[in-house]
Amino acid sequence: MGRNKLLSKEKVSQVIRRWLIDRGVAPTIEELRAALKLGSTRTVLRYLKELETDGEIQRWPGARGIRLLKNVDRNLETTLIPIVGEVTAGPLVQAEEHIDSWVRLPQSILKSRTSKFFLLRVRGDSMNKARVEGDLIEEGDLVLVRQQSIGKPGDIVVALVDGETTIKRLVSGPGYVILKPESTNSKYKPIIVDTDFSVQGIVVRVLKNAGQLLGTDTN
């Protein structure tokens with residue numbers, strides 16, 4: 001069979017770029033094959049090799065080891081977002097407020113030009129059944145947090161309790177608030193606090209395995 005005449009390396013590059021904009025991470029080979037509607041990953045690998053040879057992408061070992069080197073989409077707007085340490089989806093740990101590093105995220109992910117955002121690395125598994133826009137919150141992910149001091153029932157919040165930080169589902173009771181885990185691990189229990197506890201922000205996006213992919217994971 002001959003090469004698919006409807007496919008080109010430019011099309012492959014475009015799909016990678018769109019995936020990065022929509023999800024914040026590169027596609028896997030299998031995800032790229034499915035997005036391109038191809039029957040074999042060998043074709044995907046051939047085009048990736050061409051893009052790498054032409055200096056348009058960089059590749060390295062790992063499921064999502066693809067990085068675009070040429071941004072041909074001149075309309076792509078990005079914003080510099082700080083990674084400010086880690087938050088636990090498990091037992092509370094001492095809060096860290098220093099900035100570890102910075103990354104650029106597409107404005108289309110942020111959806112707001114006026115809100116402030118930051119990224120946190122996830123530690124622990126007490127929220128590994130919770131989903132944000134369809135993505136589970138798992139250890140090794142980065143979560144995108146919109147900075148605000150008020151959360152509403154049902155929000156997944158980054159909360160500060162007695163100087164320690166955690167990520168949990170916010171549930172409201174009469175005169176108190178519950179920070180509720182959503183985990184496959186039954187050892188995690190709800191945390192009951194009064195209504196004047198401190199919300200640091202609302203989790204609005206999960207960047208799967210981004211801590212490892214960006215080289216910011218300290219493990």
Original post:
Inside the stretch 181-214, can you point out the residues that are under 21 Å from the mean Cα position of the chain (by Cα) and assigned to a strand (DSSP E or B)?
Top reply: VAL199, GLN200, GLY201, ILE202, VAL203, VAL204, ARG205, VAL206, LEU207
**OP:** Quickly run through the stretch 119-172 and pick out the residues that are exposed (fewer than 14 other Cβ atoms within 10 Å of the Cβ), more than 24 Å from LEU105 (Cα to Cα) and small (Gly, Ala, Ser).
**Re:** GLY154, GLY163, SER172
Original post:
Is it the case that the stretch 63-78 has a residue that's surrounded by 12 or more Cβ atoms within 10 Å (Cβ to Cβ), at pLDDT 75 or above and within 16 Å of ARG123 (Cβ to Cβ)?
Top reply: no
Subject >> Among (1) closer than 23 Å to PHE197 by Cβ; (2) within 17 Å of the chain's Cα centre (by Cα); (3) part of a loop (DSSP other than H, G, I, E, B) - the single one ILE150 does not satisfy >> reply: (2)
Original post:
Among the residues of the stretch 195-219, which ones are over 24 Å from ARG23 (Cβ atoms) and at pLDDT below 85?
Top reply: THR195, ASP196, PHE197
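The values are calculated or read from the model by the stated rules, or taken from the named source; none is laboratory data. None of the values given here were measured: they were computed from a predicted structure. Methodologically, a virtual Cβ is constructed for each residue, glycine included, from the backbone with ideal geometry; neighbour enumeration extends over all protein chains shown.
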